[in-house]
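Take a look at the structure set out below.
The values are calculated or read from the model by the stated rules, or taken from the named source; none is laboratory data. Just so it is clear, the model here is predicted, and its values are computed rather than measured. In this analysis, Cβ positions are derived from the backbone assuming ideal geometry, glycine residues included, and neighbour counts consider all displayed protein chains. The protein model used for the area step is the full one, side chains on, heavy atoms only, and it has no ligands, DNA or RNA in it. Shrake-Rupley method; radii C 1.70, N 1.55, O 1.52, S 1.80 Å.
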Amino acid sequence: MSPFNLETCCRPNILALEPYRCARDDYKDDGTNILLDANENAYGPPITTSSSPSLGGPEINLLTLHRYPDPHQSPLKSLLCSLRNTHSHTSKTLSPSNLFVGVGSDEAIDALLRAFCRPGLDSILVCPPTYGMYSVSAQVNDVSLVKIPLTPAPVFGLDIPTILSTLSDTTKNIKLAYFCSPGNPTGSLLSKEDLRQVLEHPTWNGVVVLDEAYIDFAPDDASLAEWVLEWPNLVVMQTLSKAFGLAGIRLGAAFTSEPIARVLNSLKAPYNVNNLTSAIAEYALSQDGLAKMRENKAKLVEQRERLIQELPKINGVGRLRGGTASNFLLYEMLNGEGKPDNKVALAVYERLAETKGVVVRFRGKEYGCEGCLRITVGTEEEVTRLLTALEKTLVEVRG
Ligand SMILES: *Cc1c(COP(=O)(O)O)cnc(C)c1O
């Protein structure tokens, strides 16, 4: 078992916070009380139509937007728990007290840093190539980075011996280890056994943060959210921005042990998740919403398979780097000698956007990604356009 101890790992000023309580925690809004407790506008918002036109969509009453949101979001949390209580990884059952919800995963990434890392003293471990927000958020909080690159070919994975020995070094003050599975930009799922070894580190007093932003593109039941019931030092972050297609509402979730969830919920701004976001999120997690999400996911998976079939047939496209568990693929662009080449990849990236109106992402500067473009899987028509444009562009660039 991990020697994790929240009392000594968490910053003392954060540990001392109490969860926010409002008058409505004591006196519920049952429709009979008049609510004169929160300085809201009794005459309501400056809107005359009562609800969004909804034919089989979420019911949103715009005329109640003068009310502050629910700081606890229990109905939304219950739906998130139902989605992840698959009992594939434990017999225990997640409940809303295992959850933090916020403005995208980005809020959870930052909240964890503020909860555990003392500015100017502590650090976090990250494994490049990885998501950029961990380091941005660390810099904002004056927290330093310890980088242990992923092992490259054949598939990106964790360098477990180096990670374990680095976490043993108490002079580094590593409080959090951010892992991404499926990885961005790698698209690879991390091995469950590898993660277990980090969680069971014999001496490290810190928290494993597993970013599962793309988990719904991976095979069923791949999410390790349930593992937060088995380990006290695990946070699993998810988001509605990717498979659920709701990047615009900004809703992220962090599953974790009850004590860590209490810390995150005490630290957050009380009304971080707004009424429109929670209404749409609850609809997305309803039976109807989940069915539609799975329908869209199946279409994207079909187009992902098509790209995997078709891209290697194009002259100048090299190896697929990393995995296929996401809604994007990382491919090498080759020079005349058949080598992955950043000059070629950058030229292709620019020409694709400027002359063909197709925008992908250049990732060649990332560790282990020489010559790579990250291509998001689009609709059938978008994939057709990408394939044609990429073939032409590679001829233009490589001659
Ligand atoms: C897109 C992405 C997120 C999503 O962040 P939100 O703030 O929830 O939109 C989180 N982690 C990774 C690795 C991502 O690629």
Where a residue in the stretch 82-99 is farther than 24 Å from residue 282 by Cα and its partner, wherever it lies, is open to solvent by 30 Å² or more (accessible area, probe 1.4 Å) and among the aliphatic types (A, V, I, L, M), with Cβ under 7 Å and at least six apart:
90/229
I'd like the full set of residues that are more than 16 Å from the ligand (Cβ to nearest atom) and either of a type in the set (S, T, N, Q) or surrounded by fewer than 16 Cβ atoms within 10 Å (Cβ to Cβ) (or both), limited to the stretch 81-117.
82, 85, 86, 87, 88, 90, 91, 92, 93, 95, 97, 98
In the stretch 248-277, which residue that is touching a strand residue (DSSP E or B) at 6+ places or on another chain (Cβ under 8 Å) and open to solvent by 10 Å² or more (accessible area, probe 1.4 Å) is nearest to the ligand (Cβ to nearest atom)?
272
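May I ask you to list the residues in the stretch 118-147 that are of a type outside the set (A, V, I, L, M, F, W, C), open to solvent by less than 60 Å² (accessible area, probe 1.4 Å) and farther than 29 Å from residue 272 by Cα?
To start, the set of residues in the stretch 118-147 that are of a type outside the set (A, V, I, L, M, F, W, C) comprises 118-120, 122-123, 128-132, 134-135, 137, 139, 141-142, 144, 147.
From the residues that got through so far, the ones that are open to solvent by less than 60 Å² (accessible area, probe 1.4 Å) too are 120, 122-123, 128-130, 132, 134-135, 137, 141.
Passing the criteria: 128, 129.
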